[in-house]
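Chemist: Before I ask anything, let me first share the structure, which is written out below as C-alpha cells.
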Amino acid sequence: MAPVPTERDLRLDLFRGLALWLIFLDHIPSNAVSWITIRNYGFSDATEIFVFISGYTAAFVYGRAMRQHGFIVASARVLKRAWQIYVAHVFLLAIYLAEIAYVANSFDNPLYTEEMGVLDFLKNPDVTIFQALLLKFKPVNMDVLPLYILLLAWFPPMLWLLLRAPSIALVSSASLYVLMWFFEWNLPAYPSGTWVFNPFAWQLLFVFGAWCALGGSQNLARWIHSRTIIGLAIAYLAFAFAIAMTWYFPHLAVFVPKFVGDAIYPIDKTNLDVLRIMHFLALAIITVALVPRDWPALKSRIFWPAIVCGQHSLETFCLGVFLSFAGHFVFTEVSNRLLTHVIVSIAGITIMVGVAALISWYRQAERKGGGPRPPAARPGFAGGDA
Amino acid sequence: MKRRFVVLALLVLAGPAWAENPAEHPAECRVAAHLAVSSFPLPQVARAFAAKKLDILVVGAGSSQLPGSSGAKNAYPARLQQALADNLRGIEVKVTTDVKSKRTAAEMVKALPADLTATKPALLVWQTGTTDAMLAVDPDQFSQALDRGINAAHSAGADVVLLNAQYSPRTESMIALGTYAEDMRWVALQQEVPLFDRFGIMRLWSDLGTFDLYSATKKLDIAEQVHDCIGRLLADFVIAAAKPEEQPMNGSR
C-alpha cells in the first residue's frame, strides 16, 4: 500500500471551489455571464471536476477513518454525510416548492396555459413530494445532490475494496461503467425518463478520484508528467475547443468532416460519455503539470476565496443552488439587462465566499472550544468536508 | 418606457426595408422579422404555389392554441392561413390543425400517419418540444421521434417546418427547454428541414419589451397579439423558403 499524504492538497479545494462557482453561473437560466464557464469550450464541464474531487476527498477523509477506526465506524460516518446531503437536498426542494407555488398563484397568463402544466404536480403533492423524497422527482438543476447521496451511500464497500485491492476496485468500477453502456442501465425518474446524471456512469469518476487519493496518483505520476501524454492532452483539448466553436458559429461546421461528426455526436452527459471523461482527464493532466502541489500561490490571498468555498463544498453548493433561484427571480422581477446579469453573478459568488468564510471562522472558533458550552459537533470530519 | 423608445427607434430604421411588403404587419411583429429566415427550401410548397392550391397541416400541443370561444380563430394556425391568403392572391390556402395539449413528440408521431393521409398536405408545421421538456423525456427518444415524424411527412410527400417551444421567462427555472430546443435545431440541420425559431423570436420580443411576457395578466390581448405575429412571420417564412429565387437571403447558401 502506497503511503497516503497526510496534508490536505489545497489544489483540490481550489478547483472544487472554482467548479462550485461555475455550477452556480451555469444554473441561472439564460445568464449571459455563463459564457465564461468551461462547458462552452470543450466537452466536459464543472460537474466532472466536482464529482472527481468529491471522490478524492471522500477517500482521503474516510479512508483514514477506516484505517484507524475500522469499517463500521467509517461507514457510519460516510452514511451520516449522505444523510446530511439528503437533508440539504430536501431543504432546497422546499425552497423550490415555495418559488413554484408563488409563480403558480401569481401567474395565469393565457399565453402560457401549456407551460403552467409544469405546476400540475402542486395539485397532487401526495405523489410528487413522495417521489421527491425517493429522489425520483428532481426539479431542474437539482440533479447533482441526489447523485452525490447515492455515490456516498454505496461508498463504504467500495472504500473497503479500495483500501485492500485498489486495482480490483478500479477495474470493477470501470466494468460497471461498461456494463451500463451495454445494457443501458439507469435509475427511473418521475414523471418519466431516467436520472439526468446516471449513477452507474458517474460512479466511475468518483471511484477514480478515490483511487487517486489512496495512492493511485503516485503510481500515475510517471505517466502524467511524460511529455508525450501532456502533448496528447493539449492536442485533445485543442480538438474539443475546435468542435465546441462549431456549436456557436454554425458556418464553421462545414469544416468538421462527416465521419468525425458521426463518430462524436451525441456527446452524452447523462451517461458520462467517454469523450467527456477524456476531456476531463486532459484538463486534469494539464492542471497537474502547471500547478504543483507545493505552489506557494496556493496559500496566497488571491486563491483564498475559491479555496474556502471548496473547503465547505456542501454548504457552498446548496447556497449556489438557492442563489441561482434567487438570481433568476431578480431577472424576472427586476431587470433582465446584461448589467444585471453581471451584478447578480458577482454578488452571488461574493455571497458564497462570505458564507464559506463565516463557516470556516465558526468551525475554528468551535474547535478552540471558546464557547460557553462544549461544541456539539466533534471535529469528526478532520481535514474538512468530504 | 425607455424600452419602447428603443423599439420605436429600431422600427424607424427597419421601416424602409418593409416598404414593399404587400401585407403590412403590425410594428410589433416586424421587430423580430430578421429571425424568421429559413435556411432550407420547401420544394413541395413551391409546387403547391404552382398548382394554385396549398394545404398545410399544423400538428402541435397546447402552445398552438388559445383558450376561449374565439381561441381557434385567433391562434397562430388560423392567423397563418389568413396571412398566407392575403399574400398569395389566387392560391387557395387551407390550414388544417391537429392540436391537443400535453402531447409529446412521440405521441404526435403516432397520430401523424392518419393526419397526413386525411389532409395530404404540401407542408407539415410541427410544433413540439414543450411537453417533452416538462416530462423530462429522454432526449435521445425525443430526437428519434423527430426523425420518425420528419421521415413520415417526407414519404407522404410533404415538406416539414419544425416550430420550437415558446419562450416562457417565468417558468425558465422549472422547465429545461434548452436541451430540447438544441435537439430540435440539431435534427433540423441533419434532416435539412427549416426550423422556425419561435423561442428566439419571443425572447427578442421579451428583451426589447415589445411584448411583456412576464405579465401576470389574465386577459387574452397579449396572447392574441403574439399568436397573430407568429402566424404572420410564419407565413413570410414559408413563402420565402418556397420562393428562394425571389427573396435571396444570403449569397453563400
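Chemist: Starting from the Kirkwood Rh over alpha-carbon pairs, what translational D in µm² s⁻¹ does segment B:37-84 have by Stokes-Einstein at 25 °C and 0.890 mPa s?
Modeler: Numbers: Rh = 12.6 Å.
Reported coefficient: 194 µm²/s.
Chemist: Can you list the HN-Hα couplings for segment B:27-36, worked out from phi with the Karplus curve (6.51, -1.76, 1.60; θ = phi - 60°), rounded to whole Hz and with x for Gly and Pro?
Modeler: Result, rounded to whole Hz: 4, 4, 5, 5, 3, 9, 4, 5, 7, 9.
Chemist: Please get the size of the charge dipole for the protein assembly as shown, origin at its Cα centre, with Cβ charges of +1 on Lys and Arg and -1 on Asp and Glu, quoted in debye to the nearest 20.
Modeler: Working: 53 positive and 49 negative charges, 377 e Å.
It works out to roughly 1820 debye.
Chemist: Could you work out the mean count of beta carbons from other protein chains within 10 Å of each residue's beta carbon in B:206-214? Don't jump to the answer; show the numbers that get you there.
Modeler: Working: counts 1, 3, 0, 1, 0, 1, 1, 4, 6.
Counting other chains' Cβ atoms within 10 Å and averaging over B:206-214 gives 2.
Chemist: Right, here's the next one. For segment A:179-259, max minus min Cα coordinate along each principal axis, in Å, sorted largest first?
Modeler: If we take the Cα atoms of segment A:179-259, the spans are 41, 39, 21 Å.
Chemist: At 0.36 nm per residue, minus the direct Cα-Cα distance, what do A:H69 and A:I302 gain on full extension? Give it in nm, one decimal, please. Could you put the intermediate results ahead of the total?
Modeler: Details: separation 233, 0.36 × 233 = 83.88 nm, distance 3.76 nm.
In short, 80.1 nm is gained.
Chemist: For segment A:307-350 and segment A:92-140, what is the separation of their Cα centres, given in Å?
Modeler: 22
Chemist: Further question on the same structure: Give a quick list of trypsin sites (Lys or Arg not before Pro) in segment A:74-171 that DSSP marks as loop, anything other than H, G, I, E or B, with at most 11 other Cβ atoms within 10 Å. Don't skip to the answer; put the middle values down first.
Modeler: On the way: sites: A:R77, A:K80, A:R81, A:K123, A:K136, A:R164; in loops: A:K123, A:K136.
The qualifying sites are A:K123.
Chemist: Right, something else. Take the Cα of B:R148, step 7 Å along the line toward its Cβ, and report every residue of segment A:178-202 whose backbone nitrogen sits under 18 Å from that point.
Modeler: Counting backbone N atoms under 18 Å from the label point, the list is A:192-194.
Chemist: Quick check on chain A: helices-only [θ] at 222 nm, where DSSP H runs of length 4 and up contribute -39,500 (n - 2.57) each and the sum goes over total residues. Nearest 500, please.
Modeler: On the way: 14 runs with 253 residues, N = 386.
Dividing the helical sum by the residues of chain A leaves -22000 deg cm²/dmol.
Chemist: Going by how many other beta carbons lie within 10 Å of each one, how would you line up B:T96, A:T37, B:T210, A:T228, fewest first? Intermediate values should be presented prior to the final figure.
Modeler: Details: B:T96 16, A:T37 19, B:T210 26, A:T228 8.
If I rank by nearby Cβ atoms, fewest first, I get A:T228, B:T96, A:T37, B:T210.
Chemist: Summarise the partner chain shielding of A:112-125 as one whole number: the mean count of Cβ atoms from other chains within 10 Å of each residue's Cβ. Kindly include the intermediate steps, with their values, before the conclusion.
Modeler: On the way: counts 10, 8, 15, 16, 6, 10, 9, 3, 2, 0, 0, 0, 0, 0.
For this peptide, the per-residue mean of nearby foreign Cβ atoms is 6.
Chemist: Mind grabbing the base-10 log of I(q)/I(0) for the protein assembly as shown at q = 0.05, 0.06, 0.07, 0.12 Å⁻¹? Debye formula, identical points on the C-alpha positions, no solvent, two decimal places.
Modeler: Rounded to two decimals, the profile gives -0.27, -0.38, -0.51, -1.30.
Chemist: Express the Stokes-Einstein translational diffusion coefficient of segment A:260-381 in µm² s⁻¹, to the nearest whole number, given a Kirkwood radius over alpha-carbon pairs, 10 °C and a viscosity of 1.306 mPa s.
Modeler: On the way: Rh = 18.4 Å.
For the chosen part, D equals 86 µm²/s.
Chemist: For chain B, what is the calculated [θ] at 222 nm in deg cm²/dmol (nearest 500), taking -39500 (n - 2.57) for each run of four or more DSSP H residues and dividing by its residue count?
Modeler: Working: 11 runs with 126 residues, N = 253.
Dividing the helical sum by the residues of chain B leaves -15500 deg cm²/dmol.
Chemist: Over all distinct alpha-carbon pairs, what is the Kirkwood Rh of segment B:151-199 in angstrom?
Modeler: On the way: mean 1/r = 0.0839 Å⁻¹.
After inverting the pairwise mean of 1/r, the radius is 11.9 Å.
Chemist: Given a Förster distance of 22 angstrom, what is the FRET efficiency for A:V254 paired with B:W186, based on the Cβ-Cβ distance and rounded to 0.05? Provide the component values of the computation, followed by the final result.
Modeler: Working: r = 16 Å, r/R0 = 0.71.
According to the calculation, E is roughly 0.90.
Chemist: How much FRET efficiency would the formula 1/(1 + (r/R0)^6) give for A:V171 and B:K218, where r is the Cβ-Cβ distance and R0 is 60 Å, rounded to 0.05? List each step's numbers first, then the result.
Modeler: Numbers: r = 61 Å, r/R0 = 1.02.
The pair A:V171/B:K218 has a calculated efficiency of 0.45.
Chemist: Let me ask another. Using only the alpha-carbon atoms, what does segment A:10-368 span along each of its principal axes? Please give whole angstrom values in decreasing order.
Modeler: 63, 58, 48
Chemist: Can you tell which of A:L339, A:L187, A:L111 shows the greatest fluctuation in a Gaussian network model of chain A with Cα springs below 10 Å?
Modeler: Result for chain A, Cα springs under 10 Å: A:L111 fluctuates most.
Chemist: Sorted by packing (mean other beta-carbon atoms within 10 Å per residue), highest first, where do A:14-26, B:32-44 land? Kindly include the intermediate steps, with their values, before the conclusion.
Modeler: Values: A:14-26: 24.3, B:32-44: 18.4.
For the peptides A:14-26, B:32-44, the packing ranking is A:14-26, B:32-44.
Chemist: Also, quick follow-up: By a straight-distance test (C-alpha under 15 Å), which aspartates and glutamates pair with B:K100 as possible cross-link partners, with residues fewer than eight away in the same chain excluded?
Modeler: A:E114, A:E115, B:D115, B:D132
Chemist: Chain A: longest stretch without exposed GluC sites (Glu not before Pro) (DSSP loop, at most 12 other Cβ within 10 Å), sites themselves excluded? Intermediate results must be reported in sequence, preceding the final value.
Modeler: On the way: sites that count: A:E7, A:E184.
Result for the longest clean stretch: A:185-386.
Chemist: Separate question: Determine the shielding of peptide B:93-103 by partner chains: average, over its residues, the number of Cβ atoms on other chains within 10 angstrom of each Cβ.
Modeler: Working: counts 0, 0, 0, 0, 0, 0, 0, 0, 3, 3, 1.
Other-chain Cβ atoms within 10 Å of each residue's Cβ, averaged: 1.
Chemist: Which three extents, in whole angstrom, do the alpha-carbon atoms of segment A:148-294 cover along their principal axes, largest first?
Modeler: Principal axes ranked by extent give 52, 48, 24 Å for the Cα atoms.
Chemist: Please tell me which of these pairs span more than 29 angstrom C-alpha to C-alpha: A:K123/A:K269; A:K138/B:K102; B:K110/B:K219; A:K136/B:K73?
Modeler: On the way: A:K123/A:K269 32 Å; A:K138/B:K102 20 Å; B:K110/B:K219 34 Å; A:K136/B:K73 41 Å.
Beyond 29 Å: A:K123/A:K269; B:K110/B:K219; A:K136/B:K73.
Chemist: Just B:D140, B:D197, B:D236 to compare: in a GNM of chain B, with alpha carbon springs under 10 Å, which one fluctuates most?
Modeler: With Cα springs under 10 Å in chain B, the top fluctuation among B:D140, B:D197, B:D236 is at B:D140.
Chemist: Find the eigenvalues of the gyration tensor of the Cα atoms of segment B:2-242, then list the square roots of 5 times those eigenvalues as equivalent ellipsoid semi-axes, largest first, in whole angstrom. All intermediate terms of the calculation are to be shown ahead of the outcome.
Modeler: Values: eigenvalues 135, 106, 53 Å².
In descending order the semi-axes read 26, 23, 16 Å.
The numbers here are math on the coordinates, done by the rules we state, and not lab data. Since the model is a prediction, treat every value here as computed from it, not as a measurement. Quick reminder, even Gly has a Cβ in these numbers, built from the backbone with ideal geometry, and neighbours come from all protein chains shown.
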